[in-house]
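Data first, discussion second: the structure below is written as structure tokens.
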Amino acid sequence: MILLNVQTRTPLLALLMLLGVARPGLAQDYGVTTTENSTVLPVAEAASEVDRESMDERLPRSSPDALRYEPGVFVQQTAHGQGSAYIRGLTGQQTVMLFDDVRMNNSLYRQGPNQYFFTIDSLTLDRIEVIRGSASTRFGSDALGGALRAYSIEPVVGDDRRLSGRAIGRVATADRTRALRAESQVSRDAWAIRAGWGFRLVDELESGGPIYNPQDGELPQVPRFRQDGRTQRGTGFDEVAGDVVAVWQPSENQRLKLAWFDYRQFDVPRTDNCPPPYAPFNECLLYEEQFRDVAYLRWDTRLGALAHNAYAVVSLQRQHERRRQIRPFALADEVGRDEVLTLGLSWSATTRRWEPSDWLNFDVLWGVDAYADTVESKGWQVFSTIDLVRERSRGQYIDGSGYQWGGVFADARFTVARTVRLTAGARQSFVAAQSPGDVTSGTESIDRSWTPAVGHVGVEWWATPWISLVLNVDQGFRAPNLDDLTSRQRTGPGYQFENAALTPETSLTTEAGAVVRTSTVQFDGWLYRMTLANAIARQPRNTEECPPATPACAGSWSRFRLVNLPGESEITGAEAGAKWQMTKTLETRASVSYAVGEGPSPEEGRSQERVPLSRIPPLNGTVELTWRFAPGAYAGASMRWARPQTRLALQDVSDERIPRGGTPGFAVFDLRAGLRVAEHMAVNAVFENVTDEAYRYHGSSVNGPARSLSWQLEVGF
């Protein structure tokens with residue numbers, strides 16, 4: 001998103017440039033300047049943003065939940081304490097997540113949906129930017145479907161208030177949420193420090209009731225319900241989070257930021273395995289600990305023409321998981337602990353804008369990044385009837401494994417005749433993986449590396465000051481990570497084991513868009529086609545093919561091994577978002593998204609057949625109506641809807657999270673209201689699922705909340 005300083009006599013121009021459609025030549029005439037992060041995100045692409053005001057009005061339960069109203073985004077939940085955003089039909093390893101420009105993706109990210117964006121406390125966020133479509137030129141490996149960029153609330157430097165603070169309390173009736181966050185800030189002329197701490201206690205989630213298999217009318221195995229037929233087993237959890245941020249700005253062109261964020265989640269049941277399908281009710285896969293820590297030092301500066309706006313970030317992250325598979329009748333629990341430390345370094349700079357003639361100007365975004373993972377992984381068998389703990393020869397991953405990745409990139413933008421912008425960029429990357437292997441379990445040692453190169457080109461034409469047309473072609477890549485190459489784990493479809501011979505998957509995305517901006521209407525619509533070569537997918541395997549010393553594989557209802565599919569897979573789709581300012585006080589927003597994917601069959605001997613890709617979201621959308629009837633006061637209504645999804649991949653059919661025959665469609669209505677009487681004095685409320693609809697987002701283990709009330713109170717000084 002480009003942020004502008006424009007003379008107050010041009011508010012419409014500021015709006016149009018903010019949304020990326022007004023002619024840049026006009027902006028230059030009025031002395032437009034950019035601010036931090038302004039040039040990282042090219043204008044001519046499919047992107048949207050969720051700001052703090054929207055989050056306060058919608059009251060999302062998590063950071064992934066905050067994305068439900070964005071076009072091209074569909075949020076899946078394997079557990080009530082987890083959430084994963086699908087961008088254009090892809091998620092997990094195939095999308096990139098960043099927090100304050102620090103890359104979150106590491107070498108242990110799993111196939112399909114994962115929970116790690118949930119580990120960002122949504123109450124600390126200022127905004128979330130969504131980039132739809134391949135973003136590998138800018139962000140490197142994994143960015144096949146797009147990128148999520150979350151930014152925390154900044155301390156205010158030079159504020160006249162030397163000391164300030166606030167507390168935010170939140171309550172929700174569907175899961176008896178009790179949450180509190182308290183924070184304070186002290187500031188002087190050149191520096192500011194903010195510290196915050198919070199907790200959340202969540203009980204089991206009440207739904208509108210069960211949904212049934214379209215195929216046979218039976219009750220799905222996931223989730224399991226309490227005797228009331230509405231409360232879902234395996235859905236409660238607790239969390240605490242804290243952060244400290246210090247900013248020093250000695251001059252207009254120099255800024256240092258030192259930050260630490262800590263998130264700790266406890267006793268999160270994985271709903272589709274608590275209990276597992278067809279298993280006794282007292283079995284459960286429990287995430288006893290899910291921790292994420294990140295500390296970083298950021299330097300924003302201006303260093304002349306080649307680094308007119310620049311920043312460098314040094315970061316250290318820790319991802320920690322401790323899981324327990326509780327099996328009372330087996331008289332032994334399976335316990336695993338995985339931890340990955342990631343050291344990161346990145347530099348990004350934008351040149352000054354050069355104008356060789358009055359009809360041409362250009363600038364270049366360039367940079368370098370590098371990350372290194374160190375993995376610790378252990379596994380134990382804990383016997384419940386005797387005081388005995390037996391350590392496995394390996395954990396879910398291989399202890400002592402390492403992974404490194406990074407690259408250099410450049411992205412040039414040319415404005416021609418003030419009505420056409422041309423973009424072109426390239427990245428050269430390096431990725432390496434090492435694992436010592438394990439003889440006892442038959443795990444191969446690994447020492448592999450790849451040097452992928454990708455690029456993109458695009459053109460944007462301002463047909464009028466209010467309409468622009470865009471065409472982009474982007475390459476993307478994802479190198480196999482340590483989860484692909486070494487992991488053995490339970491998944492939704494069954495038990496998955498590794499393949500040390502995997503090769504990178506690559507993509508080519510072509511997208512065409514139209515953007516309309518006037519003083520009352522904002523609209524953007526996109527058509528896209530993505531082809532995936534060497535796509536990594538799960539291939540069914542027999543019990544006899546299970547690796548040694550892995551009893552969970554033979555005991556699973558189905559087994560899979562990761563393979564590169566021959567030929568090309570394909571995802572095509574369309575998405576649109578609109579906002580209409582009907583009157584000064586009444587506005588409406590809407591979004592709609594559709595994707596369809598197919599590729600070669602992963603079954604051996606049937607690769608020539610074309611079959612649906614796994615867990616592609618159905619046709620879905622949202623509508624919101626908001627009435628701002630007084631300063632600081634609003635009331636509104638919204639609807640989230642989805643059509644049935646009956647196009648199922650082979651692994652979808654074996655995935656008990658998906659009802660037999662597909663996931664039914666739904667339409668859910670919410671009501672909202674709120675009042676802000678001062679900067680730190682506000683109340684917001686959402687009356688959710690007014691009709692008490694029983695519904696589920698496709699691929700989720702958890703049905704949506706029942707008719708319920710959520711409210712948030714903010715007080716401060």
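The values are calculated or read from the model by the stated rules, or taken from the named source; none is laboratory data. Every value quoted in this text rests on a predicted model; they were computed, and no experiment measured them. Cβ atoms come from the backbone with ideal geometry, glycine included; neighbour counts cover every protein chain shown. Protein only, heavy atoms only, side chains kept; ligands, DNA and RNA dropped before computing areas. Shrake-Rupley method; radii C 1.70, N 1.55, O 1.52, S 1.80 Å.
Side notes on the structure shown:
- On the beta carbon distance between Ile193 and Val439, with R0 = 41 Å, the FRET formula returns roughly 0.20.
- In this structure, the amide hydrogen of Asp142, modeled 1.01 Å from its nitrogen in the peptide plane, lies closer than 5 angstrom to those of Phe477, Arg478, Ala479, counting only residues at least 5 positions away or on a different chain.
- Averaged per residue, the chain has 38 square angstrom of accessible surface, using a 1.4 angstrom probe with ligands and nucleic acids left out.
- Highest average first, the peptides 66-76, 245-255 ordered by how many other beta carbon atoms sit within 10 Å of their residues are 66-76, 245-255.
- Using the Cβ-Cβ distance between Ala182 and Arg610 with R0 set to 60 Å, the FRET efficiency from 1/(1 + (r/R0)^6) comes to roughly 0.65.
- Positive end of the dipole of the chain (Cβ unit charges, origin at the Cα centre): among Thr301, Leu527, Ile398, the Cα lying farthest that way belongs to Leu527.
- Computed over the range 194-351: relative contact order in percent, which uses C-alpha pairs under 8 Å that are six or more apart: 17
- Summarised in one figure, the compactness ratio Rg/Rh of the range 594-665, Cα atoms and Kirkwood Rh, is 1.28.
- Take the Cβ atoms of Leu303 and Leu508, set R0 to 25 Å, and the FRET efficiency comes out at 0.10.
- Computed from label points 7 Å out along Cα-Cβ, the spacing between Leu331 and Val416 is 7.8 nm.
- Linear extension gain, Arg352 paired with Arg647, 0.36 nm per residue minus alpha-carbon span: 101.3 nm
- Averaging the sequence gap over all C-alpha pairs within less than 8 Å and six or more residues apart, then dividing by the number of residues, gives the range 73-138 a relative contact order of 30 percent.
- Between Tyr212 and Leu256, residue separation times 0.36 nm minus the direct Cα-Cα distance comes to 10.3 nm.
- Among Ser708, Ala453, Leu219 - extreme Cα towards positive end, dipole of the chain, charges at beta-carbon: Ser708
- A simple rule links phi to the HN-Hα coupling: the Karplus curve 6.51 cos²θ - 1.76 cosθ + 1.60 with θ = phi - 60°, which for the range 220-228 gives x, 6, 10, x, 9, 10, 6, 5, 6 Hz, with x for Gly and Pro.
- Each other residue within a Cβ distance under 12 Å of Gly406 adds +1 if Lys or Arg and -1 if Asp or Glu, for a net charge of 0.
- Protection proxy ranking, peptides 175-185, 296-306, average beta carbon neighbours within 10 Å, highest first: 175-185, 296-306
- Gain in span if fully extended, Asn542 to Trp557, counting 0.36 nm per residue against the direct Cα distance: 4.3 nm
- Magnitude of the charge dipole for the range 341-400, about its Cα centre and with charges confined to Cβ atoms of Lys, Arg (+1) and Asp, Glu (-1), is about 260 debye.
- When the solvent-accessible area of the chain is split by element, carbon and sulfur atoms take up 59 percent of it, the probe being 1.4 Å.
- Taking 7 Å steps out from each Cα toward its Cβ at Leu469 and Leu713 produces label points 5.6 nm apart.
- Dipole magnitude of the chain about its Cα centre (Cβ charges: Lys, Arg +1; Asp, Glu -1), debye to nearest 20: 880
- Each Lys and Arg adds +1 at its Cβ and each Asp and Glu adds -1 at its Cβ; summed about the Cα centre, the range 107-266 shows a dipole of about 200 debye.
- Approximate spin-label separation Glu49-Ala501, in nm, with each point projected 7 Å along Cα-to-Cβ: 4.9
- When you restrict to C-alpha pairs under 8 Å that are six or more residues apart and normalise by the size of the chain, the relative contact order lands at 12 percent.
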